[in-house]
Amino acid sequence: MSQISLTRDPMRPVRTWLWCVAALVAVTVIVGGATRLTGSGLSITEWRPVTGIIPPLTTADWLLEFDKYRQIPQFLVLNPDMTLGGFQFIYWWEWSHRMLGRLIGLAFIVPFGIFWARGVIDRALAWKLGGLFVLGGIQGTIGWWMVASGLAERTDVSQYRLAIHLTVACIILSAIVAVAVSLRGRTPDMVLRRTRAIAIAVLVLVFVQIFLGALVAKTSAGLTFNTWPLMDGRIIPPFEQLLPMQPLWTNFFENVMTVQFTHRMVAYLLFAVALIHALDLHRTGPVPAAQRAITLFALVTGQAALGVITLLWISPLWLSLLHQAGAVLVLVAATSHVTQMSAQAAKP
C-alpha cells in the first residue's frame, strides 16, 4: 500500500519533510525572539559549531562559561550583580536557539540525501534545495556576526545585524514554504498580472515590516510612545523630532521615535494593500485565490490589532512573542498565496 501511495504522489513525503523543516525554522525564529527579549544572546561568547553542542555539565564547566561572560561589557555594565543561577537562565535560552539551528541543518541534509539517493528529487529541485542549505549555513555565520557585535564595545548586539539576521531567517522560511507549495502538483490559479503584482507587494511589505519590527525590538522602541492611534499626542510627530540625527538615514535605524513611527506607517500601508488585494480578487476571482486573499487580509488585521495591544500593554514578553509568531503566520500565508497564483494578461 505504501508503494502504491508513493507512486500516486511521489512528492508527498518531500512536501511533508519541507513543512516540518519550515515549522522548525518558525520555532527557531520565535525562540530567537525570546532570546533577545530575555537579554540572553550574548551569554555564549564563542562560536563552536561542533563542540558547542555539549552544554556545561559540571559546576566547574559552568563557572568557566560564566567567567567568559563576565569579561564582556554586557556583564560589566548591565549585569555586574548577576549570579551563576541568573547566568544559567540566559545561557539555556541562547544554547536552545543555537541547538535549534543545528537541528534544522540536520533535519534538512539527512532527508535530502535520502530522497536524492532514491531518485525522488530531480536535478532542478536539488539545485533549489541545495541553495537553501547553503543559505542556512550563511545564516549561521550571520548569527555569529551579530553576536560578535556585542562582545567588545557594546552591551548588546547591533540592531542592523539583528534585523538582517531575522530577515534572512524569514527569507529561508518563505523559500521553504514556496518550494513545498509548488510541489503540490496542482494547476496555479490564473489571475490578472495586476492582481499577482499586488499579492507580491503584500509579501514584500510583510518582509519590510518584519525587518522594521526587529529594529523596534532591538532599540526598545516598543517601550516608548505607548499610545495609539496618537504618537506623542499626534498622528505624525514633528519632523524635528523624527529627523534630528545626521546623516538623516540613521534616524530610521537609531532614533526610537522614527523607528516606531516607520513601523506604524508600514503597518497601515500593509493593511491597505492587503484590503485592496482581497477586494480585487473577490471581484475578479477565481474563488480559491479570493478565499486565500480574504484569509490573508484577516491575518494581517489580526496581527495589526495584536501589535497595537502589545504597544499599549508595553510589550510584555508573552505578548511580544505572540506578536512575532503572528508575523511568521502572515509571512507563511502570503508566501503560499503568491506561490499558488500564475499571472495572465488582462482581457481586451
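The values are calculated or read from the model by the stated rules, or taken from the named source; none is laboratory data. In this text, all values refer to a predicted model and were calculated from it rather than measured experimentally. Note that each Cβ is placed from the backbone with ideal geometry, even for glycine, and that neighbours are counted across all protein chains shown.
Evaluation of I314 against the conditions (1) over 18 Å from L212 (Cβ atoms); (2) in a helix (DSSP H, G or I); (3) more than 19 Å from the chain's Cα centre (by Cα) shows that the sole unmet condition is (2).
Got a number for residues in the stretch 174-210 being among the polar types (S, T, N, Q) and either surrounded by fewer than 16 Cβ atoms within 10 Å (Cβ to Cβ) or touching a strand residue (DSSP E or B) at 6+ places or on another chain (Cβ under 7 Å) (or both)? Lay out the reasoning, then the answer.
Filtering the stretch 174-210 for residues among the polar types (S, T, N, Q) gives 174, 182, 187, 195, 209.
Of the ones still in play, those that are also either surrounded by fewer than 16 Cβ atoms within 10 Å (Cβ to Cβ) or touching a strand residue (DSSP E or B) at 6+ places or on another chain (Cβ under 7 Å) (or both) are 187.
Residues in the stretch 174-210 being among the polar types (S, T, N, Q) and either surrounded by fewer than 16 Cβ atoms within 10 Å (Cβ to Cβ) or touching a strand residue (DSSP E or B) at 6+ places or on another chain (Cβ under 7 Å) (or both): 1 in total.
Across the stretch 295-318, what is the number of residues that are of a type outside the set (F, W, Y) and crowded, with 17+ Cβ neighbours inside 10 Å? So that I can check it myself, show each step before the final result.
Taking the stretch 295-318 as the starting set, the residues that turn out to be of a type outside the set (F, W, Y) are 295-296, 298-312, 314-317.
Then keep just the ones that are crowded, with 17+ Cβ neighbours inside 10 Å; that gives 296, 299-300, 303-304, 306-307, 310-311, 315.
Looking only at that region, the number is 10.
For the stretch 120-151, the candidate set comprises residues that are farther than 22 Å from V177 by Cα and part of a loop (DSSP other than H, G, I, E, B); within that set, the residue that is farthest from the chain's Cα centre (by Cα) is L151.
For the stretch 152-205, a residue qualifies if it is in a helix (DSSP H, G or I), under 30 Å from R8 (Cα atoms) and among the hydroxyl-bearing types (S, T, Y), and the qualifying residues are S174, S182.
Which residue is surrounded by the most Cβ atoms within 10 Å (Cβ to Cβ), if the candidates are limited to the stretch 123-173 and must be under 21 Å from F108 (Cβ atoms) and of a type in the set (S, T, N, Q)? Across the stretch 123-173, the extreme among qualifying residues is Q139.
Only one of T16, T38, T7 is modelled with pLDDT under 95, assigned by TED's automatic domain parsing to the domain that holds M146, among the β-branched types (V, I, T) and under 22 Å from the mean Cα position of the chain (by Cα); which? Can you show your working first?
Values: T16 fails: modelled with pLDDT under 95; T7 fails: under 22 Å from the mean Cα position of the chain (by Cα).
Exactly one residue qualifies, and that residue is T38.
Among the candidates A175, A117, A107, A180, the residue that is without any contact (Cβ under 8 Å) to a residue 24 or more places away in the chain and over 30 Å from L76 (Cα atoms) is uniquely A117.
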